[in-house]
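Novice: The structure's right below; bear with me while I get my questions together.
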Amino acid sequence: MDFSGTWKVYSEENLEEFLKVVGAPEMVVKMRKEVKPVLVIEQNGRDFTYTMKTPICTKVYSFSLGKESEMTAVDGRKLKCTVREENGKLIAETEKFTSVREIQGGDMVETITAGPVTFISRSKHI
């Protein structure tokens, strides 16, 4: 399992619906629809640093597999999150959503489920 590197998002399905379900402010929904982020993932053993870059902002999260960490939701609230590795996939669970990140061919695919909405993001290694 190697997610390290820089990834450019090229496809997103159900982004607007997902952002609304997780409580993103309308302004964030509008701005985010126009932007395809660049993701930088650094892995050192079981420790990860995940950086999401857009022209609007840069967000950095650090976590260790199997340990609870804190992240900030799109509405500014703090969420507790635990990430685990299962069959080569990174699975993150919070009270609001579950995220599954995996490598499919040369793409990184993230599938996030929040209530009735499933958001799928596809990225290419650059």
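The values are calculated or read from the model by the stated rules, or taken from the named source; none is laboratory data. Predicted, not measured: the structure shown is a model, and the values here were computed from it. Every residue, glycine as well, gets a Cβ built from its backbone with ideal geometry; the counts of neighbours run over all protein chains shown. For accessibility, only protein heavy atoms count, side chains too; no ligands or nucleic acids. Shrake-Rupley method; radii C 1.70, N 1.55, O 1.52, S 1.80 Å.
Table: residues versus (1) within 20 Å of F119 (Cα to Cα); (2) touching a residue at least 40 places away in the same chain (Cβ under 8 Å); (3) touching a His at 6+ places or on another chain (Cβ under 8 Å); (4) not charged (D, E, K, R).
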site: F18; (1), (2), (3), (4): yes, yes, no, yes
site: S64; (1), (2), (3), (4): no, no, no, yes
site: E70; (1), (2), (3), (4): no, no, no, no
site: R84; (1), (2), (3), (4): yes, no, no, no
site: Q104; (1), (2), (3), (4): yes, no, no, yes
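Novice: Can you report the number of residues in the stretch 99-108 which are in a strand (DSSP E or B) and open to solvent by 50 Å² or more (accessible area, probe 1.4 Å)?
Specialist: Qualifying residue count for the region: 2.
Novice: Hey, can you tell me all the residues within the stretch 48-62 that are hydrophobic (A, V, I, L, M, F, W, C), within 19 Å of E93 (Cα to Cα) and either open to solvent by 50 Å² or more (accessible area, probe 1.4 Å) or free of Cβ contacts under 8 Å to residues at least 12 places away in the same chain (or both)?
Specialist: If the condition is that a residue be hydrophobic (A, V, I, L, M, F, W, C), within 19 Å of E93 (Cα to Cα) and either open to solvent by 50 Å² or more (accessible area, probe 1.4 Å) or free of Cβ contacts under 8 Å to residues at least 12 places away in the same chain (or both), then V60 is the only one that fits.
Novice: Separate question: Among the residues of the stretch 1-21, how many are under 24 Å from R77 (Cα atoms) and under 13 Å from the mean Cα position of the chain (by Cα)?
Specialist: 4
Novice: Mind checking which residues of the stretch 20-47 are more than 17 Å from V109 (Cα to Cα), in contact (Cβ under 8 Å) with a residue 40 or more places away in the chain and hydrophobic (A, V, I, L, M, F, W, C)?
Specialist: Within the stretch 20-47, V21, V22, A24, V28 qualify.
Novice: If you don't mind, there's one more thing I want to ask. Would you say I112 is within 18 Å of F3 (Cβ to Cβ), open to solvent by 40 Å² or more (accessible area, probe 1.4 Å) and out of contact with any Leu (no Cβ under 9 Å at 6 or more places or on another chain)?
Specialist: No.
Novice: Let me ask you something else. Hey, any hits in the stretch 72-80 for a residue that's touching a Phe, Trp or Tyr at 6+ places or on another chain (Cβ under 7 Å), open to solvent by less than 30 Å² (accessible area, probe 1.4 Å) and within 19 Å of F119 (Cβ to Cβ)?
Specialist: no
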